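To keep things clear, I will list the structure first and then write my remarks on it.
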Amino acid sequence: MRIRSIVASGALALAVVGGSVAGAGAASAHMTSVPTATGSVALAGPVYHPAPGPIQYSSFFVFGGRGYYHGWIDYANFTRHAFRTNVWNIIGTHQLTFDFSGTPFVHTMQVTTVTPTSTHSSTFSGTGYYDPDTSYTWTVTGTVDWNAVSFTIVYTGTNAGYTISGTGVIARDGSISGSAGTATFTMPAGSAFQVLSYKATVTSAFFWDHSAVFGYRIPWGSPGAGLPVTVKVYDSGPLHLKDSFAMGVLFGPIIRYQITSGIIVVHR
């Protein structure tokens, strides 16, 4: 009897759930979908006045409808200095000292290219040499994610082909330290700097065709805090080649920036 009652109860529950699902399906047929805009894009200089920077990255999820909250945007500008963001840029010329069993070997590293890969990470590349004998030249490639650094050095001059890989952390003063195989390494204060990075609440959003316009205020604690920002995005299809991203602050121009990677998707 107990088994029979359990089976009967289960059948009744399924019937009720099935009826609810069917009812929900019928109701949803009369509902309209909420438009959304999503994207994660790396940005170079303005489209109409080409320049290599600023180096920016933006990720966002925005939706239409009523109310104050319309999603969020993450934004980072890797050329603009800021404080307490824990997002770092390592570009520039720096001293790099390896220590093998108590013996220091001083090098100079010149990071010439930084490419954002998210609002808190980037790749970098450059060249360098051993200070006492500059025939020991090398190239370097690496990544920075928050305050974690990793790199690989490949010698190109004397001792060509020899490689050194290291990982380390950036301290609050911009110094870097870590390990590289059996050695340790250090870089002095100021070898990296923190950059502008924030997450903001989107408070307005408008959609038409494959485009969206949305607005937010720069959050407190960031340069320009409180300023209203307008962003315009356009989705050209499955590739980013004709997508567009433009932004500007109150009373300023809305500047369209070059998208170097990533994609924008607008659903209506």
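Annotations
- Applying a threshold of 7 Å to beta carbon distances and a minimum spacing of six or more residues, or different chains, the list of pairs starting in the stretch 136-155 at a residue that is under 21 Å from residue 194 (Cβ atoms) and outside the structural domain of residue 170 (by TED's automatic domain parsing) and ending at one that is at pLDDT below 95 and in a strand (DSSP E or B) is empty.
- Residue in the stretch 196-203 that is more than 19 Å from residue 119 (Cα to Cα), modelled with pLDDT of 95 or more and either surrounded by fewer than 19 Cβ atoms within 10 Å (Cβ to Cβ) or of a type outside the set (Asp, Glu) (or both) present: yes
- Hey, residue 264 crowded, with 17+ Cβ neighbours inside 10 Å and either at pLDDT below 95 or assigned to a loop (DSSP other than H, G, I, E, B) (or both) or not: no
- Scanning the stretch 22-55 for residues that are loosely packed, with under 10 Cβ neighbours inside 10 Å and modelled with pLDDT of 95 or more turns up nothing.
- Exactly one residue out of 98, 60, 105 is touching a residue at least 12 places away in the same chain (Cβ under 8 Å), assigned by TED's automatic domain parsing to the domain that holds residue 220 and hydrophobic (A, V, I, L, M, F, W, C), and it is 60.
Okay, residues lined up against (1) of a type in the set (Phe, Trp, Tyr); (2) part of a strand (DSSP E or B):
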{"position": "161", "(1), (2)": "no, no"}
{"position": "169", "(1), (2)": "no, yes"}
{"position": "172", "(1), (2)": "no, no"}
{"position": "177", "(1), (2)": "no, yes"}
{"position": "185", "(1), (2)": "yes, yes"}
{"position": "200", "(1), (2)": "no, yes"}
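- The stretch 180-195, residues that are more than 19 Å from residue 88 (Cβ to Cβ) and surrounded by fewer than 13 Cβ atoms within 10 Å (Cβ to Cβ): 181, 182
- Tally of residues being in a strand (DSSP E or B) and among the small types (Gly, Ala, Ser) across the stretch 229-249: 3
- Residue within the stretch 166-178 that is surrounded by fewer than 16 Cβ atoms within 10 Å (Cβ to Cβ), in contact (Cβ under 8 Å) with a residue 12 or more places away in the chain, under 27 Å from residue 227 (Cβ atoms) and not β-branched (Val, Ile, Thr) present: no
- Among the residues of the stretch 229-242, the ones that are of a type in the set (D, E, K, R) and either at pLDDT 95 or above or not assigned by TED's automatic domain parsing to the domain that holds residue 208 (or both) come to 2 in all.
- Within the stretch 193-204, residues that are without any contact (Cβ under 8 Å) to a residue 40 or more places away in the chain have Cβ atoms under 7 Å from residues that are not hydrophobic (A, V, I, L, M, F, W, C) in no pair, counting only partners at least 6 apart in sequence or on another chain.
- From the options 252, 226, residue that is part of a loop (DSSP other than H, G, I, E, B), at pLDDT 95 or above, loosely packed, with under 15 Cβ neighbours inside 10 Å and among the small types (Gly, Ala, Ser): 226
- Output for the stretch 51-106, where each listed residue is under 17 Å from the mean Cα position of the chain (by Cα), of a type in the set (Gly, Ala, Ser) and in a loop (DSSP other than H, G, I, E, B): 53, 82
The values are calculated or read from the model by the stated rules, or taken from the named source; none is laboratory data. The structure presented is a predicted model; accordingly, all values stated were derived computationally and were not measured. Using ideal geometry, Cβ is built from the backbone for each residue, glycine included, and neighbour counts are taken over all protein chains shown.
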